[in-house]
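First comes the structure, then the notes that go with it.
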Amino acid sequence: LKSSVIITGASSGLGLAAAKVLAQSGEWHVIMACRDFLKAEKAAMAVGMPRENYTVMHLDLASLESVRQFVENFRRSGRPLDVLVCNAAVYFPTAKEPTFSAEGFELSVATNHLGHFLLARLLLDDLKASDHSARRLIIVGSITGINTLAGNIPPKANLGDLRGLSAALNGVQSSPMIDGGQFDGAKAYKDSKVCNMLTMQEFHRRFHEKTGITFASLYPGCIATTGLFREHIPLFRTLFPPFQKYITKGFVSEDDAGKRLAQVVSDPYLSKSGVYWSWNKDLNSFENQLSEEASDPEKAKRVWELSEKLVGLA
Ligand code: NDP
C-alpha cells in the first residue's frame, strides 16, 4: 500500500516539485491541498504526475473555516495520514497597506502561520492513528529566520513581546504586526516564518516522546524562481536569480529543492525530530542552527498558547 502525504500549496514552486518527486516514486499518494483547484490539477498534469498517485483537495489557509472543512473532507476520503507538509506561503514585500484574512488577521501571518497551526493541530490525531513506520510533520522554514546574510537584511524578523498578536485576541486591531509595530510586508513574512520554526520545536517538545512522530523543518535553499517573489518589483525579479546564483551561491532550482523536501518526507536517514535541515555546498544535509529568537522555548510556548486561542482551540 502507498504511503500518503498531504502537501499544502502544492500547485507551484517547492510544493509542486516535491509532490512530483513523491508521486513519481510510485511509493506515495500525494494529497495536494490547494486554494485553486484547477491550477493544481493543471500543474500536476503539466509536470507528469501519474493520475493514480495524487488527489487535489481544496484548502484556503487564509480561512480557518476552510481549514476545518479540509480536515473533514480529508477524513471522509478514508485515507490514512502518514506525513503532513506545511509548505504554502504568501509574501508581500512591496505592499504599502496590509491585507487581511477571513478572520481579520494580517494575511501573511494568517496564511503562513495561523492556518498551518490549526491544520497541524487538527491533523495530529490523524498522524497518531497512522501505522506508518515514519510519521512526520514538516513545516517549511526559511533562512530569514536564522543568523545569516539574508536573515540580517532589514527589516529583520522580530516578534517582540507579541503585543500585536495578543491585542488581536482581544479584538483590538491596533497593529497588523505581531510585535505591535507599523505594517511592513517583508517583516510580516519573516515573522511568520519564525512562528513556523517555533511551532515545529514546540510540537517536538510536547509530542515527540509521547507519539514517536518526527517534527522537522527545513531550509530548502534560495529558490529564486518561484511564485513567492511574484509581488516583488520587476527589477528585483530579474536580478534576484542571477544574484543568488553567482554572488551568494545559495541558488537552488525548483527541481533540486523539491528533491530536498521529498528527502525530508521519506528518507529513513532524516528521521530525527526537532531538527532544522539545511544543505551544505557539497549538497549534503546537515542539522542547522536557528537564530536566538527562533529557538527561544519561552517564546515558542507563548506563540503556541496565543495561536491556540486565536484559531479557536482554547
Ligand atoms: P510559491 O509562491 O511558488 O508557492 C506557494 C504556494 O502556496 C502556492 O502553491 C500557493 O498557491 C500556496 N498558497 C498561498 N496562499 C495560500 C492559501 N491561502 N491557501 C492555500 N495555499 C496557498 O512559493 P515557494 O514554492 O517558493 O514557497 C514554498 C515554501 O518555501 C514557503 O513556505 C516559503 O516560505 C518557503 N521558502 C521559499 C524560498 C524561496 O527562495 N522561494 C526560500 C525559503 C523558504 P497558488 O498556486 O494558488 O498561488
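Only the coordinates and a few stated rules stand behind these numbers; no lab work does. Keep in mind that what you see is a predicted model, and the values were worked out from it rather than measured. So basically every Cβ, Gly included, is an ideal-geometry build from the backbone, and we count neighbours across all protein chains shown.
Rg to Rh for the chain: what is it, with Cα atoms only and Rh by Kirkwood?
The Rg/Rh ratio comes out at 0.93.
Please compute the modelled spin-label separation between LEU1 and ARG230, points set 7 Å along Cα→Cβ, answer in nm with one decimal.
3.7 nm
Say each of SER253 and TYR269 gets a label point 7 Å from the Cα, pointing the same way as Cα to Cβ; how far apart are those two points in nm?
Inter-label distance under the simple model: 2.2 nm.
Kindly put THR214, THR225, THR238 in sequence by how many other C-beta atoms sit within 10 Å of each C-beta, fewest to most.
THR238, THR225, THR214
Once the Cα atoms of the stretch 159-224 are picked out, what are the Rg and Dmax in Å?
15.0, 41
Counting other C-beta atoms within 10 Å, which of ARG237, ARG136 has the fewest, and how do the rest follow? If you can, show how the numbers build up before the last one.
On the way: ARG237 14, ARG136 21.
Ranking ARG237, ARG136 by Cβ neighbours within 10 Å, fewest first, gives ARG237, ARG136.
Test of understanding: what is the full-extension gain from LYS39 to PHE286, defined as 0.36 nm times their sequence separation minus their Cα-Cα distance?
Between LYS39 and PHE286, full extension yields an extra 85.5 nm.
Projected area of the stretch 253-314, taken from the Cα convex hull and averaged over every viewing direction, in nm²? Please list the in-between numbers first.
On the way: hull surface 24.9 nm².
One quarter of the hull surface, i.e. the mean projection, equals 6.2 nm².
Give me P(r) over the stretch 182-314, computed from all C-alpha to C-alpha distances, binned every 10 Å, as integer percentages.
Percent of pairs per bin, in order: 11, 33, 36, 18, 3.
For the stretch 61-126, rounded, prolate or oblate, judged on the Cα gyration tensor with a ≥ b ≥ c (square roots of eigenvalues), a/c < 1.5 rounded, else prolate if a/b > b/c? All intermediate terms of the calculation are to be shown ahead of the outcome.
Working: a/c = 3.18, a/b = 2.20, b/c = 1.45.
Prolate is the answer for the stretch 61-126, as a/c is 1.5 or above and a/b outweighs b/c.
When N is the residue count of the stretch 108-206, what does its C-alpha Rg come to as a fraction of 2.2 N^0.38 Å?
Here the answer is 1.20, to two decimals.
For LYS272, which aspartates and glutamates qualify as cross-link partners when the Cα separation must be under 19 Å and same-chain residues fewer than eight apart are set aside?
ASP82, ASP131, GLU202, GLU209, GLU287
By how many nm would the segment from ALA129 to GLU103 grow when fully extended, if each residue of separation counts as 0.36 nm and the alpha-carbon distance is taken off?
Stretched fully, the ALA129-GLU103 segment lengthens by 6.3 nm.
For the chain, calculate the relative contact order in percent as a whole number, restricting contacts to Cα pairs under 8 Å that are 6 or more residues apart.
20 percent
Determine by what factor the alpha-carbon radius of gyration of the stretch 22-70 differs from 2.2 N^0.38 Å, reporting the quotient.
1.21
How high is the relative contact order of the stretch 193-312? Use alpha-carbon pairs under 8 Å, at least six apart in sequence, and give a whole percent.
Contact order relative to length: 37 percent.
Give me D for the stretch 8-152 in µm² s⁻¹, whole number, from Stokes-Einstein with Rh from the Kirkwood sum over alpha-carbon pairs, 20 °C and 1.002 mPa s.
Values: Rh = 16.1 Å.
Calculated translational D: 133 µm²/s.
Taking the beta-carbon count within 10 Å as an exposure proxy, list VAL47, VAL90 from fewest neighbours to most.
VAL47, VAL90
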